[in-house]
1. In Å, the Kirkwood hydrodynamic radius of region 1-96 over pairs of distinct alpha carbons?
2. Measure off 7 Å from each Cα along the Cα-to-Cβ vector at Arg113 and Arg13, then give the distance between these two points in nanometres to one decimal.
3. So how exposed is Ile106, as accessible area in Å² (1.4 Å probe, rounded to 10)?
4. Treating the beta-carbon of each Lys and Arg as +1 and of each Asp and Glu as -1, no other charges, what is the dipole magnitude of region 43-193 about its Cα centre, to the nearest 20 debye?
5. Send over the per residue convex hull volume for region 7-50, Cα only, as a whole number of Å³.
6. In the neighborhood of Glu145, defined by Cβ-to-Cβ distances under 13 Å, what is the net charge if each Lys or Arg adds +1 and each Asp or Glu adds -1?
7. Just want the answer: with Cβ charges of +1 for Lys and Arg and -1 for Asp and Glu, which residue in Ala109, Ala19, His123 is farthest toward the dipole's positive end in the chain?
8. Jot down the radius of gyration and Dmax of the chain, Cα atoms only, both in angstrom.
Amino acid sequence: MNRVAVLVGSKGRGSNMTALVRACRSGEVPAEIVLVVSPRDDSPAFETAQALGVPVVALSPKEADYAGRLVDVLRGAEVGTLCLAGLMTKLPVEVLDRWPGRILNIHPALLPRHGGKGMYGRHVHEAVLAAGDLESGCTVHIVTENYDEGPIVLQLTCPVLPDDTPETLAERVLALEHRAFPLALKKVVEGDE
């Protein structure tokens with residue numbers, strides 16, 4: 001069984017993490033979420049992980065030797081795949097080198113459009129609307145050293161409606177994310193079998 005860690009951000013509720021945990025526990029994805037890493041122990045996602053009964057570690061990217069400590073924590077949990085769900089900081093090269101092609105991120109747009117540094121959350125949906133795109137969605141991709149540039153694993157789409165606001169579009173895209181991330185993780189771990 002593939003052992004997976006989810007790295008969450010400091011502000012999100014952890015809804016994508018929750019979708020991954022549920023998909024693994026139901027057997028939909030042949031993997032187990034064995035660890036959640038959060039930048040803070042008072043983040044909503046940290047609390048959600050605790051409520052789900054998933055081991056959780058607080059490790060701030062601002063800490064001394066963050067890279068070494070993160071690698072040690074992940075190795076200690078015998079993690080084979082990492083999923084980024086709301087993490088806003090770039091992963092250290094030591095992590096990228098240790099798990100090449102085994103780190104997935106979810107992005108709330110159809111990459112390669114509307115990706116890169118600063119393109120997260122509301123900013124992405126505002127950019128989609130400003131561009132007049134007729135379609136949006138989400139992308140799960142392999143993490144590389146550059147923001148949102150890794151190979152695409154899976155995309156799901158939804159229409160952009162004439163009366164959409166960043167909030168209404170975000171709501172539809174988030175529902176797609178909750179489907180896409182487990183599907184992409186399944187695709188990656190089943191590729192191991």
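1. By the Kirkwood definition, the hydrodynamic radius is 13.2 Å.
2. Inter-label distance under the simple model: 2.8 nm.
3. It works out to around 20 Å².
4. For region 43-193, the charge dipole is close to 160 debye.
5. In region 7-50, the Cα hull volume divided by residue count equals 58 Å³.
6. Around Glu145, the surrounding residues sum to -2.
7. Ala19
8. So, for the chain, Rg and Dmax equal 15.9, 50 Å respectively.
The values are calculated or read from the model by the stated rules, or taken from the named source; none is laboratory data. Not measured: the values here are computed from a predicted model. We place every Cβ from the backbone using ideal geometry, glycine too, and count neighbours over all the protein chains shown. Accessible surface areas use protein heavy atoms only, side chains included; no ligands, DNA or RNA. Shrake-Rupley method; radii C 1.70, N 1.55, O 1.52, S 1.80 Å.
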